[in-house]
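Chemist: This is the structure I want to talk about, given as structure tokens.
The values are calculated or read from the model by the stated rules, or taken from the named source; none is laboratory data. Keep in mind that what you see is a predicted model, and the values were worked out from it rather than measured. Here the Cβ positions follow ideal geometry from the backbone for every residue, glycine too, while neighbour counts run over all protein chains shown. With ligands, DNA and RNA removed, areas are computed over all heavy atoms of the protein, side chains included. Shrake-Rupley method; radii C 1.70, N 1.55, O 1.52, S 1.80 Å.
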Amino acid sequence: MNIVAEHKISGEPIDKAPKRPVKPVRWFIIVGTLLAVLVGGLVWFNYFRGQMIKQFFANNKPPPTAVSAAEAKSEVVPNLLTAVGSLVAVHQVDVSADVNGRVTEIKFEPGTRVEAGTPLVQLFDAPEQGDLANYKAQATVAQLSLDRAKQLAARQFGPQATVDTAQAAYDQAQAGIAKTEALISQKLVRAPFSGDLGMRKVEVGQYLTAGTAIVSLTDLSELWANFTVTEKDSGSLKVGQVVRLKVDAYPGRTFEGKITTIEPQISTDTRNIRVQATIANPEKILKPGMFVTTTVVLPEKPAVITVPETAVDYTLYGDSVFVITEKKEEDGKTSLSAVRTFVQTGNRVEGRVEIVKGLKAGDKVVALGQLKLQSGAPVSISTDPAPAIPAQPPRY
């Protein structure tokens, strides 16, 4: 090999030592530092975000809910016992004939008022009229024979037996007349009492059997209200107590009567007792068969706490109301909040509820708008007038 040519070779010296690799510990330190910075940044970011969210909601409170408020009052609530029943006429009957016969004349107009004894229907009575004429003729002859026999017997020209026979014949003729007149009166159907007639159920020429209904007759001047109460309430009822009635046909009107009969026996099936009240009906607007809501006025009870009926929230967990309370904020301002308070309720009368336990007089409660509230929620009292609270819910 040529030495001169070897000196011209380019590159690194052959005996130069290679670079040493970086130690693994240094790499671990670098990676760990980067990871620590990354984790710290994430932790700081989450903390900063939570603080900002907390500050946002703290400064962004929803406005108070507008509600209508009412005050719990201490008042004497009418002691009433409510029940349902129906009206029955004191005098009501389906007029019918006592005997069989054919209708020859109808003497009434349906729907009119008649007095007691007014003729209504005439049945065919020609045979009875003939028998009556026969018995009257026999009575005339028997009267003449009796008079002659008495005159002869008074002069001692005739025996007493002749007088007795003539008297018996006369009495027999009179009995025949009385019987026939009774049969004739049965063929003329009359109104048994004064009242209003219903719809006609017969026609001229129709053959009626005894007991067939001809027309209904109802006396509307006085009615009975029959209703039932539970065994528990029977002890508070007495004859003479005032009863108020309401019917669907005349909403808003109240009719009054008095208890006249209390059934002495309690039904073993329902454990209820039947009560009957007598109602005057001078206007004749109440009709038998009407459904009525009866309210018995009982002796008064001591004063109790009451709230509007709409203020009470009825749930499976118990009855409750939202009581409005005042509290001072850190800035010195006063705010209102509604706190759910469980109560024990009693009777409901005229749109108000008796509160037996849980409230005191003067407490303010939410009357309307509590459906969108939670316990402790801020509220504001609305200035809008609250809708009228019905005394009784409508029936459908």
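Chemist: Just want to confirm a number: the relative contact order over the chain, from Cα pairs under 8 angstrom separated by 6+ residues, in percent. Kindly include the intermediate steps, with their values, before the conclusion.
Modeler: Numbers: 699 pairs, mean separation 90.9, N = 396.
Rounded, it is 23 percent for the chain.
Chemist: Could you sort Met199, Met290, Met52 by their accessible area in this structure, using a 1.4 Å probe and putting the largest first?
Modeler: On the way: Met199 155, Met290 40, Met52 90 Å².
Result, largest first: Met199, Met52, Met290.
Chemist: Mind listing the Cα extents of the range 152-289 along all three principal axes, in Å, largest one first?
Modeler: Principal axes ranked by extent give 86, 42, 32 Å for the Cα atoms.
Chemist: Name the helices (complete DSSP H segments) of the chain with a Cα length along the long axis of 20 Å or more and a Kyte-Doolittle mean of at least 0.0, or state none. Before the final figure, lay out each step's value.
Modeler: Working: long enough: 24-58 (51 Å, 1.11); 126-154 (42 Å, -0.39); 160-187 (41 Å, -0.32).
Span-like helices in the chain: 24-58.
Chemist: Quick check: convex hull over the Cα atoms of the range 242-334, volume per residue in Å³, rounded to an integer?
Modeler: It comes to 241 Å³ per residue, whole-number rounded.
Chemist: Could you tell me the ratio Rg/Rh of the range 93-180? Both radii from Cα atoms, Rh via Kirkwood.
Modeler: 1.27
Chemist: Taking the Cα-to-Cβ direction at His91 and at Leu298 and moving 7 Å from each Cα, how far apart do the two end points lie in nm?
Modeler: 3.7 nm
Chemist: Putting +1 on Lys and Arg Cβ atoms and -1 on Asp and Glu Cβ atoms, find which of Ser337, Ser145, Val202 reaches farthest to the positive end of the dipole of the chain.
Modeler: Ser337
Chemist: Could you pull the accessible area for Lys54 with a 1.4 Å probe, rounded to 10 Å²?
Modeler: Its accessible surface works out to 140 Å², give or take rounding.
Chemist: Please list Tyr314, Tyr170 in order of solvent-accessible area, largest first, computed with a 1.4 Å probe with all protein chains present.
Modeler: The ordering from most to least exposed comes out as Tyr314, Tyr170.
Chemist: How much accessible area does Asp131 have with a 1.4 Å probe, in Å² rounded to the nearest 10?
Modeler: Only protein atoms counted, so the area is about 80 Å².
Chemist: With all protein chains present, calculate the accessible area of Trp27 using a 1.4 Å probe and round the result to the nearest 10 Å².
Modeler: 150 Å²
Chemist: If you don't mind, another one. If amide H atoms are built 1.01 Å from N in the plane of the peptide, which residues on other chains or at least 5 residues away come under 5 Å of the amide H of Ala191?
Modeler: Gly117, Thr118, Leu120
Chemist: Restricting the calculation to Cα positions, tell me the Rg (one decimal) and the Dmax (whole number) of the chain in Å.
Modeler: That works out to 51.1, 217 Å for Rg and Dmax.
Chemist: Work out Dmax and Rg for the range 240-286 from the C-alpha atoms and quote the Rg first, both in angstrom.
Modeler: Considering the range 240-286 through its Cα atoms, Rg and Dmax are 13.3, 39 Å.
Chemist: Rounded to the nearest 20 debye, what is the charge dipole size of the chain about its Cα centre when +1 sits on each Lys and Arg Cβ and -1 on each Asp and Glu Cβ?
Modeler: 2180 debye
Chemist: Now for a different question. Compute the length gained on full extension between Arg190 and Lys136: take 0.36 nm times their separation in residues and subtract their Cα-Cα distance, giving the result in nm to one decimal.
Modeler: Value of the extension gain: 16.9 nm.
Chemist: Give me the dipole magnitude in Debye, nearest 20, for the range 128-217 about the Cα centre, with unit charges on the beta carbon: positive for Lys and Arg, negative for Asp and Glu.
Modeler: 100 debye
Chemist: Moving on. Suppose each label sits 7 Å from its Cα in the direction of the beta carbon; what would the Val99-Lys327 distance come out to in nanometres?
Modeler: In this crude spin-label approximation the distance works out to 9.4 nm.
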